[in-house]
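Undergrad: The structure that follows is given in the form of structure tokens.
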Amino acid sequence: MGCGMSDLVRIGVDLGGTKIEALALDSSGHILGRLRTPTPGHDYRAIVAAIGTLVRNLETSIGRTGTVGVGIPGTISPASGLVKGANTVCLIGHALDRDLSDELSREVRLANDANCFALSEAVDGAGAGAGVVFGAILGTGTGGGTVVDGRILTGPNAIAGEWGHNPLPWPEDDERPGIACYCGRHGCIETFLSGPGLSRDHWQRTGEKTNPQVLGQRAQAGDPSARASIERYEQRLARALATVINMIDPDVIVLGGGVSNLERLYRTVPELWGEWVFSDTVVTPLRKATNGDSSGVRGAAWLWPPG
């Protein structure tokens, strides 16, 4: 009797700048095994080999083989079939999906890591059961992804969800033109809402260098300068998410990344965004990622959907 897709082991791989993680899930989303290895510098061929070795070692450790999905810090160009827009720059211009398929002798599915995050939370995380899920990563950068009925919305240019590279909406005078972004423009949402963006804003106002976690703790303790920086951040996040609600009106918005650990965001931002949402009421829930740092690798595994 043959096995259906629901019986297969699904292996997800999260390719990061410093580490590569592989995770095996059963059909219910339970973790069967997990392995990590350092990302081998800026050597494309070594990265392909490292992923292949990691997957094979994971399969050996659980005694089963599986489908393979990989989340990458970029995407495959529909025009060329090659990686584009990756901050792990050695990937750019390579047919990573085909090379990994050759390495592992099976089809390998690739997706942007922010899309994998959104997929993970839509399948069995904070957005489970919702029709349309928008996932935003507030970390070293600011990524985004949209999942509709359990499938990633990619788009013909493979850029759906690239929320962080739109300009910060309804900018104040002191927010224009904004600082330079690595994409070549100024004032991108990412430059304001990433973790480094929050830290930079506080430093520019106070001359003090610190990180978002410390700022959050100090704001809660009543420190006025920290509270002011967090409040500016919350207002900017509210404006930026209001544009998402105006465009796609998702059933739920899920936050991930280091800044998403500021618990106050889930109370304050929904209290603010109604000013910019084109509606008399806003009932959109804002939730913290259920799967935390594992969302990306879990989402990569779910690139092979149930059913």
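The values are calculated or read from the model by the stated rules, or taken from the named source; none is laboratory data. Predicted, not measured: the structure shown is a model, and the values here were computed from it. Counting neighbours? That spans all protein chains shown, and the Cβs are built from the backbone with ideal geometry, glycine included.
Undergrad: Give me a count of the residues in region 240-298 that are closer than 22 Å to residue 216 by Cα, assigned to a helix (DSSP H, G or I), basic (Lys, Arg) and touching a residue at least 40 places away in the same chain (Cβ under 8 Å).
TA: Qualifying residue count, region 240-298: 0.
Undergrad: Suppose we filter 122, 136, 126 for residues that are in a loop (DSSP other than H, G, I, E, B), small (Gly, Ala, Ser) and surrounded by 15 or more Cβ atoms within 10 Å (Cβ to Cβ); which single one remains?
TA: Checking each option against the conditions leaves just 126.
Undergrad: Conditions: (1) in contact (Cβ under 8 Å) with a residue 24 or more places away in the chain; (2) not in a helix (DSSP H, G or I). Residue 37 meets all but one. Number of the miss?
TA: (1) is the only condition that residue 37 fails.
Undergrad: State which residue is nearest to residue 20 (Cα to Cα) when the search covers only region 48-89 and only residues that are in contact with a Pro (Cβ under 6 Å, 6 or more places away or on another chain) and among the hydrophobic types (A, V, I, L, M, F, W, C).
TA: 50
Undergrad: Check 97, 174 and return the single one that is touching a strand residue (DSSP E or B) at 6+ places or on another chain (Cβ under 9 Å) and either free of Cβ contacts under 8 Å to residues at least 60 places away in the same chain or farther than 22 Å from residue 22 by Cα (or both).
TA: 97 is the lone residue from the list that is touching a strand residue (DSSP E or B) at 6+ places or on another chain (Cβ under 9 Å) and either free of Cβ contacts under 8 Å to residues at least 60 places away in the same chain or farther than 22 Å from residue 22 by Cα (or both).
Undergrad: Please determine, by comparing only the residues of region 281-293 that are buried (at least 20 other Cβ atoms within 10 Å of the Cβ) and within 15 Å of the chain's Cα centre (by Cα), which one is nearest to residue 244 (Cα to Cα).
TA: 289
Undergrad: Tally the residues that are in contact with a strand residue (DSSP E or B) (Cβ under 8 Å, 6 or more places away or on another chain) and at pLDDT below 95, restricting the search to region 16-25.
TA: The qualifying residues number 2.
Undergrad: Another question, then. So which residues in region 139-158 are in a loop (DSSP other than H, G, I, E, B) and surrounded by fewer than 14 Cβ atoms within 10 Å (Cβ to Cβ)?
TA: Once the filter is applied, which keeps residues that are in a loop (DSSP other than H, G, I, E, B) and surrounded by fewer than 14 Cβ atoms within 10 Å (Cβ to Cβ), region 139-158 yields 149, 155, 156, 157.
Undergrad: Go through the residues of region 213-224 one by one and say whether even a single one is in contact (Cβ under 8 Å) with a residue 12 or more places away in the chain, in contact with a Leu (Cβ under 7 Å, 6 or more places away or on another chain) and within 30 Å of residue 79 (Cβ to Cβ).
TA: Within region 213-224, none of the residues are in contact (Cβ under 8 Å) with a residue 12 or more places away in the chain, in contact with a Leu (Cβ under 7 Å, 6 or more places away or on another chain) and within 30 Å of residue 79 (Cβ to Cβ).
Undergrad: Could you grab me the full set of residues in region 67-93 that are over 18 Å from residue 159 (Cα atoms) and either surrounded by fewer than 22 Cβ atoms within 10 Å (Cβ to Cβ) or hydroxyl-bearing (Ser, Thr, Tyr) (or both)?
TA: 67, 90
Undergrad: Specify which of the listed residues (210, 206) is touching a His at 6+ places or on another chain (Cβ under 8 Å) and either more than 21 Å from residue 74 (Cα to Cα) or in the same structural domain as residue 73 (by TED's automatic domain parsing) (or both).
TA: After ruling out the rest, the residue left standing is 210.
Undergrad: Then there's this: If you take the residues in region 104-119 that are closer than 30 Å to residue 191 by Cα and small (Gly, Ala, Ser), which one is surrounded by the most Cβ atoms within 10 Å (Cβ to Cβ)?
TA: Looking at residues that are closer than 30 Å to residue 191 by Cα and small (Gly, Ala, Ser), I get 118.
Undergrad: Here is a follow-up. Can you tell me which residue within region 177-194, out of those that are in contact with a strand residue (DSSP E or B) (Cβ under 7 Å, 6 or more places away or on another chain) and part of a helix (DSSP H, G or I), is farthest from residue 140 (Cα to Cα)?
TA: 189
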